[in-house]
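Peer 1: Here's a structure for you.
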Amino acid sequence: AQSVTQLDSHVSVSEGTPVLLRCNYSSSYSPSLFWYVQHPNKGLQLLLKYTSAATLVKGINGFEAEFKKSETSFHLTKPSAHMSDAAEYFCVADPSGGYNKLIFGAGTRLAVHP
Amino acid sequence: DVKVTQSSRYLVKRTGEKVFLECVQDMDHENMFWYRQDPGLGLRLIYFSYDVKMKEKGDIPEGYSVSREKKERFSLILESASTNQTSMYLCASSHWWTGEGNQPQHFGDGTRLSIL
């Protein structure tokens, strides 16, 4: 069965230091992959998407992610954390064409300390 | 920018009531979805629709129904609300698959529903 695993449920960083949120996927072929962010009491906002055009994907707010097929990974990074980055982050796979049924990771809660 | 609007941010209802949650999108998306989000369980798909008057069951359709009479509007209906339906409900929409890969879903801000 296809699955998405976020390797850390909680990550804590200091403001100004790098962020790394890890994601592995399991699929018999390369799915479309997305990272979303959810701030408290809000919906999910799309950060970036990978759809096979380029393995390094740049998103909004300085985030980027690299697709590594050999490692089946799609880790999210940011060079310098900001207090406003504190939120929950979801790695999401879309293995299907057409119906767009998503497979969600369990989420990683990012805390940013002054 | 894509806008997905859910009619209520917070809603309180009583057990046994019929509850309607409304969602409207302004980007002419073919696909629309309803999820619920619960701590420890993540996001779970309730129903989705890929065209007007079309609907497909998701992973947890029991106790829910949906209606899509117009392309931009997708309603979730709790036929007889129960306390275990207290949750955060999220609506999303997306375009149909294109040759450039699957299109991302765009989410509304959610409705926090409490059933007393």
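Peer 1: Over the range B:2-116, how many pairs of lysines fall under 19 Å by alpha carbon, counting only those 8 or more apart in sequence or from different chains? Before the final figure, lay out the partial values.
Peer 2: Details: B:3/B:70; B:3/B:71; B:53/B:70; B:53/B:71; B:55/B:70; B:55/B:71; B:57/B:70; B:57/B:71.
Count of close lysine pairs: 8.
Peer 1: Next up: Gaussian network model of chain A, Cα springs within a sub-10 Å range: biggest mean-square fluctuation belongs to which of A:84, A:70, A:14?
Peer 2: The residue that fluctuates most here is A:70.
Peer 1: Could I ask something else about it? Evaluate the Debye formula for chain B with equal point scatterers sitting on the alpha carbons, no solvent, and hand back log10 of I(q)/I(0) at q = 0.09, 0.12, 0.19, 0.22 Å⁻¹, in q order, two decimals.
Peer 2: Results for chain B at q = 0.09, 0.12, 0.19, 0.22 Å⁻¹ read -0.22, -0.39, -0.96, -1.26.
Peer 1: Between B:64, B:35, B:89, which gets the highest mean-square fluctuation from a Gaussian network model of chain B, Cα cutoff 10 Å?
Peer 2: With Cα springs under 10 Å in chain B, the top fluctuation among B:64, B:35, B:89 is at B:64.
Peer 1: Shifting gears a bit: Could you state the per residue volume, in Å³, of the convex hull enclosing the Cα atoms of chain A?
Peer 2: 101 Å³
Peer 1: Let me ask another. Explain nothing, just the number: relative contact order of chain B, from Cα pairs under 8 Å at least 6 residues apart, as a whole percent.
Peer 2: Reported relative contact order: 35 percent.
Peer 1: Please work out the ratio of the alpha-carbon Rg of the protein assembly as shown to 2.2 N^0.38 Å and round it to two decimals. List each step's numbers first, then the result.
Peer 2: Numbers: Rg = 17.7 Å, N = 230, 2.2 N^0.38 = 17.4 Å.
For the protein assembly as shown, the normalised Cα radius of gyration comes out at 1.02.
Peer 1: Sort B:83, B:111 by accessible area with a 1.4 Å probe, largest first.
Peer 2: From most accessible down to least: B:83, B:111.
Peer 1: Also, I was wondering about something else. Could you name the lysines whose alpha carbon sits less than 29 Å from that of residue A:68, not counting residues in the same chain fewer than 8 places away?
Peer 2: Once the sequence-local lysines are set aside, what remains near residue A:68 is A:49, A:58, A:78, A:101.
Peer 1: To the nearest µm²/s, what D does Stokes-Einstein give for the range B:54-116 at 4 °C and 1.567 mPa s, using the Kirkwood radius over alpha carbon pairs as Rh?
Peer 2: 95 µm²/s
Peer 1: Looking only at B:14, B:73, B:36, which one moves most when chain B is put into a Gaussian network model with springs between Cα atoms under 10 Å?
Peer 2: Ranking B:14, B:73, B:36 by mean-square fluctuation puts B:14 first.
Peer 1: How would B:60, A:60 line up by accessible area, probe 1.4 Å, largest first?
Peer 2: Working: B:60 30, A:60 65 Å².
Result of the area sort, largest leading: A:60, B:60.
Peer 1: Once phi is turned into ³J(HN,Hα) by the Karplus curve 6.51 cos²θ - 1.76 cosθ + 1.60 with θ = phi - 60°, what whole-Hz value does each residue of the range B:49-55 show in order, with x for glycine and proline?
Peer 2: Coupling constants for the range B:49-55: 9, 10, 5, 4, 6, 9, 8 Hz.
The values are calculated or read from the model by the stated rules, or taken from the named source; none is laboratory data. Keep in mind the model is a prediction, meaning the values are calculated, not measured. Surface areas here come from the heavy atoms of the whole protein model, side chains and all, with no ligands, DNA or RNA. Shrake-Rupley method; radii C 1.70, N 1.55, O 1.52, S 1.80 Å.
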